[in-house]
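Here the structure is laid out as structure tokens; the discussion comes afterwards.
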Amino acid sequence: MAAYIIVEVETTDEALMAEYRKYTPEAVAKFGGKFIVRGGTCRTLEGGWTPSRVVVLEFPTFAQAEEFYDSEHYKPILAMRLKAGKSKAILVDGYNG
């Protein structure tokens, strides 16, 4: 079953975030993931949630998503994002209907 990493990002250092974005496609693909959403127009429908940027990554399994996020490969890349802005992230299993 697919799993998703959903990240809300507020950029405070655009140059560093741009550098981070150069490295993420390869890192995500290395662990079998792909981008489903990478920014773009966002419209609030309920609850007053107004994120400035949302990213959704899809991985074949929950374990692969965890392996990506916790990997030594991604740690220095993640450090760039954490320094370049504020973010919230969750990992969730996909629907198995």
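Just so it is clear, none of the values below were taken in a lab; they were calculated from the coordinates. Treat the numbers as computed from the prediction; the structure is a model and nothing was measured. Cβ sites come from the backbone with ideal geometry, for glycine too, and all protein chains shown count toward neighbours.
Give or take rounding to whole Å, what are the principal axis extents of the alpha carbon atoms in the chain, in descending order?
35, 34, 17
Say each of I90 and D13 gets a label point 7 Å from the Cα, pointing the same way as Cα to Cβ; how far apart are those two points in nm?
2.9
Determine which lysines satisfy two conditions relative to K86: a Cα distance under 24 Å, and not lying fewer than 8 residues away in the same chain.
Once the sequence-local lysines are set aside, what remains near K86 is K22, K34, K75.
Do the sum for the chain: with -39,500 (n - 2.57) for every DSSP H run of n ≥ 4, divided by all residues, what is the mean residue ellipticity at 222 nm, to the nearest 500 deg cm²/dmol?
-11500 deg cm²/dmol
Compute the Rg to Rh ratio over segment 44-97 from the alpha carbon atoms, using the Kirkwood formula for Rh, and round to two decimal places.
Ratio value, two decimals: 1.02.
Sticking with the crude label model, points 7 Å out along Cα→Cβ, report the distance from K22 to V54 in nm, one decimal please.
Result for the modelled spin labels: 3.0 nm.
For segment 1-95, run through the trypsin sites (Lys or Arg not before Pro) and keep only the ones in DSSP coil with at most 14 other Cβ atoms within 10 Å of their Cβ.
Hits after loop and neighbour filter: R43.
With θ taken as phi - 60° and the coefficients 6.51, -1.76 and 1.60, list the Karplus ³J(HN,Hα) couplings across segment 57-67 in order, rounded to whole Hz; mark glycine and proline as x.
Along segment 57-67, the couplings run 10, 10, 10, x, 9, 4, 4, 5, 5, 4, 4 Hz.
What full-extension length gain, to one decimal in nm, is calculated for A63 and R38 as 0.36 nm per residue of separation minus the Cα-Cα distance?
Residue separation times 0.36 nm, minus the Cα-Cα distance, leaves 6.8 nm.
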